[in-house]
Amino acid sequence: NQNRAYGASADPGGGDLVFDLFGAEANKQASACLGSSSTTWGSLALPLDLSSLLLPGCKIYCDLAVALPMLTDGAGAAQLRLPIPANPSLANGVVFGQWVVRDSRVNPAVNLATSDGIKFTIGSEIAPQMSVVSAIAVLAQGRNGFVQPGRGPVVKLVW
């Protein structure tokens, strides 16, 4: 009965920043919050303990600069996927994340809780843009076939 966060990032142009929530209540409002600091939020020092707001065990771990609302699924999970563009200025960039959810388990009167915090570090190299085309015989010579963008090199084998 804890809201747990998990995250993964990729190289610029090589995939998505993936931010998952597990262990929340089913079908509840949740916000994926992202920020640039894990030490301060305006004039407040982080982490910020929310016990004084009747939320024991809950803390704010990042500056919550952006909140992206969604609903948890029937298992109490949610996922945010953000594409990382192929921009060299994003290499080695850091983003912090935390979920804020509607949750009656900590304090039914407040109906709010937080997850643990995540630090995302974007990769250091620009990922090449590639695709895979799957086809048989002469079908792969043109634009026919099954294309999977961003998955690997296009190779023609002849024997």
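The values are calculated or read from the model by the stated rules, or taken from the named source; none is laboratory data. Keep in mind that what you see is a predicted model, and the values were worked out from it rather than measured. Virtual Cβ from ideal backbone geometry, glycine too; neighbours counted across all protein chains shown. Ligands, DNA and RNA are stripped out before the accessible areas are found, and what is left, the full protein with its side chains, is counted by its heavy atoms. Shrake-Rupley method; radii C 1.70, N 1.55, O 1.52, S 1.80 Å.
Before moving on, here are some points about what is shown:
- Computed packing ranks the peptides 36-48, 60-72, 94-106 as 94-106, 60-72, 36-48, most packed first, by mean other Cβ atoms within 10 Å.
- Tail weight of P(r) past 19 Å, computed on alpha-carbon pairs of the range 1-92, percent: 52
- Across the accessible surface of the range 37-109, with the other protein chains kept in place and a 1.4 Å probe, carbon and sulfur atoms take up 62 percent.
- Within-15-Å neighbourhood charge of residue 106 [Cβ basis; K, R +1; D, E -1]: +1
- Computed extension length for residue 59-residue 6: 17.4 nm, one decimal, from 0.36 nm per residue of separation with the Cα-Cα distance subtracted.
- Contour minus Cα-Cα distance for residue 16 and residue 77 (0.36 nm per residue): 20.1 nm
- Ranked by the mean number of other Cβ atoms within 10 Å of their residues, highest first, the peptides 78-87, 114-123 come out as 114-123, 78-87.
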